[in-house]
Amino acid sequence: MKKAPIIVSACLLGKRCRYNGEDRAHAGVIRFLRRKKYLAVCPEKLAGWGVPRPPVEFHGGGAREVASGGATIKDSRGRNRTAGLMKGVARALRRALKLDPSEAILKEKSPSCGVKRVYRDGKLKRGQGLFAYSLRRNGVKVRSEESFAGRSGKP
Ligand code: SF4
C-alpha cells in the first residue's frame with residue numbers, strides 16, 4: 001500500500017514566503033522528509049498575498065472564533081484581512097485533502113500555520129493558526145517543526 005503524503009509549511013523547506021521575505025528552512029524537517037512524499041503549501045501565498053507584506057494576527061479570538069465570524073485577522077496597519085486569509089486557507093485545505101495526507105508539519109506561531117501558539121491581540125498566546133485548525137477539523141494530525149531536532153537557520 002502506498003504511503004499517504006505529508007503536508008508541510010513551504011517556509012520550513014526554504015521557500016521565502018514569510019511576510020518579511022525570509023524562509024524558516026528547518027534541517028530536521030528537511031531530513032525527515034527526505035525520500036517521503038510531501039506537499040509544500042503556503043496558505044498566505046494562496047491568499048494572493050505578496051512578499052514582503054505586513055504581518056497579520058488574531059484579534060478578539062482564535063481560529064475557531066474567526067471561522068465562525070466572531071473574531072478577525074488584522075494586519076499591522078489595522079486592516080481587516082480575514083476574508084483573504086480564509087480564502088487562502090480554503091485553497092490550501094482543498095489541495096491538502098485531495099491527497100488524503102497522513103499528517104501535517106506546520107510552522108509554529110504563524111496565524112495560518114501555528115500549531116500551539118499564535119499572536120493574538122499583540123501577545124503570543126496558546127492557540128492555533130487557521131490552516132492548522134482547518135486540517136484538524138478534517139481529521140489530519142498536525143505537529144510543528146518543534147517536534148524535530150535541529151533548528152531553522154535563522155532566529
Ligand atoms: S508559516 Fe505558513 S503561511 Fe506563513 S510563510 Fe510559512 S507556510 Fe506561509
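Do you know which residues across segment 1-15 are closer than 17 Å to ALA96 by Cα, surrounded by fewer than 22 Cβ atoms within 10 Å (Cβ to Cβ) and out of contact with any Ser or Thr (no Cβ under 8 Å at 6 or more places or on another chain)?
Within segment 1-15, LYS2, LEU13 qualify.
Mind listing just one residue for me: the one in segment 16-30 that is basic (Lys, Arg) and crowded, with 18+ Cβ neighbours inside 10 Å and, of those, nearest to the ligand (Cβ to nearest atom)?
Per the stated criteria, the residue is ARG18.
Is at least one residue of segment 23-34 of a type in the set (A, V, I, L, M), at pLDDT 95 or above and within 17 Å of LEU130 (Cα to Cα)?
Looking for residues that are of a type in the set (A, V, I, L, M), at pLDDT 95 or above and within 17 Å of LEU130 (Cα to Cα), one finds none in segment 23-34, hence no.
Can you tell which of GLY69, GLY84 is out of contact with any Leu (no Cβ under 6 Å at 6 or more places or on another chain) and in contact (Cβ under 8 Å) with a residue 12 or more places away in the chain?
The match here is GLY84.
May I ask you to list the residues in segment 134-150 that are over 18 Å from ASP100 (Cβ atoms) and buried (at least 22 other Cβ atoms within 10 Å of the Cβ)?
SER144, GLU145
Looking only at segment 110-131, count how many residues are of a type outside the set (Ser, Thr, Tyr), touching a Gly at 6+ places or on another chain (Cβ under 9 Å), within 15 Å of the ligand (Cβ to nearest atom) and under 15 Å from GLU57 (Cβ atoms).
Residues that pass the stated criteria total 10.
Before we move on, is VAL8 in a loop (DSSP other than H, G, I, E, B), of a type in the set (A, V, I, L, M) and near the ligand (Cβ under 9 Å from one of its atoms)?
So VAL8 fails the test.
The values are calculated or read from the model by the stated rules, or taken from the named source; none is laboratory data. As the structure is a prediction and not an experimental result, all values here were calculated from the model. When we count neighbours, we look across all protein chains shown, and the Cβ atoms used for this are built from the backbone with ideal geometry, even at glycine.
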